[in-house]
1. Find out how many positive minus negative residues lie around H238, taking Lys and Arg as positive, Asp and Glu as negative, among other residues whose Cβ is under 12 Å from that of H238.
2. Based on other C-beta atoms within 10 Å, arrange H86, H136, H238 from fewest to most.
3. For the chain, set up a GNM with springs between Cα atoms under 10 Å and report which of A246, A199, A120 has the largest fluctuation.
4. For K146, give me every one of the lysines with a C-alpha distance below 18 angstrom, ignoring sequence neighbours fewer than eight places off in its own chain.
5. Post the alpha-carbon centroid distance, the stretch 87-102 to the stretch 179-249, in whole angstrom.
6. Using a 10 Å cut-off around each Cβ, can you sort F253, F91, F12 from fewest to most neighbouring Cβ atoms?
7. Would you list D85, D248, D186 from fewest to most Cβ contacts within 10 Å?
8. In Å, the Kirkwood hydrodynamic radius of the stretch 101-215 over pairs of distinct alpha carbons?
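Read-outs throughout are calculated quantities, based only on the coordinates presented, and are distinct from any laboratory measurement. From a predicted model like this one, the values you see are computed outputs, not experimental measurements. Here the Cβ positions follow ideal geometry from the backbone for every residue, glycine too, while neighbour counts run over all protein chains shown.
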Amino acid sequence: MISPNERPIGVFDSGVGGLTVVKALRERLPAESLLYLGDTARLPYGTKSAATVSAYAAEAAGALVRQGIKALVVADNTSSAHAIDHLRATFPGLPVIGVVEPGCAAASHASARGRIVVIATESTVQAGTYPRTILHLRPGATVVSKACPLFVALAEEGLVEGTLAEMIARHYLDPLFSGPAERHGDCLLLGCTHFPLLAPLFARLLGPEVAIVDSATTTAHAVEDLLENRRLAAPAGHAGTLRTLATDDPERFARVARAFVPWEMTADMVERVDLG
């Protein structure tokens, strides 16, 4: 038996992208144990309807809850945009935090002139959650959202630099950051867990005058605050562990995951689970 504070934090995503959140959590909270679930059998969530996303998110969360987690992190941006309220209602008493609110708070603070560009998947953009949240936090801000689905494929294939990556980045970003500096965005919010892998490329193309906000890092800070406020933090000196679950081929999960994390990832480190 372990104490409630030693129980793991559950993290789920539609695939491997949420490992950027896991990486940030491990760096920020090394004492915390993490249980990650990638619903790779049903990815991508970003092209699904809101109803389907909510149903999938509840099933993924339920699988983690049955493992005895003490808090739930919704690393999937689409699920955070569509299903966060549904998850909180489905699992009352369980602290649930998504990536949207921390990212919006950080972008609202980082933007010098209140001109914020959000890049995400199609479904996340259609949800409109990012603009609504930013405008709630910073009334009068200008928010432009852009679906950038090709960035997901680039990240999963490890093509985060080079001619192809730069060409696609310019295709998406140039229309959003062209013209007089006072008219285009001064903050780029990465609204997909895949996109932090491309952040160095974005920074090089956009220059130092554009702040880049990574939801993974800001979410780790928000989780730290949540655990402290709920008195759920792991005891000092506790050695945090990581378990990884996937709903499809562990071999492919491990291969793609190597682009997202700095630690070794092999197929035997990934447990196959069925959510049906």
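1. Computed value for this residue: -1.
2. Taking fewest neighbouring Cβ atoms as first place, the list is H136, H238, H86.
3. Maximum among the listed residues: A199.
4. Here the lysines satisfying the reach criterion relative to K146 are K48.
5. If we compute the Cα centre of each part, the gap is 18 Å.
6. Exposure proxy ranking, most exposed first: F91, F253, F12.
7. Exposure proxy ranking, most exposed first: D85, D248, D186.
8. Kirkwood hydrodynamic radius for the stretch 101-215: 14.0 Å.
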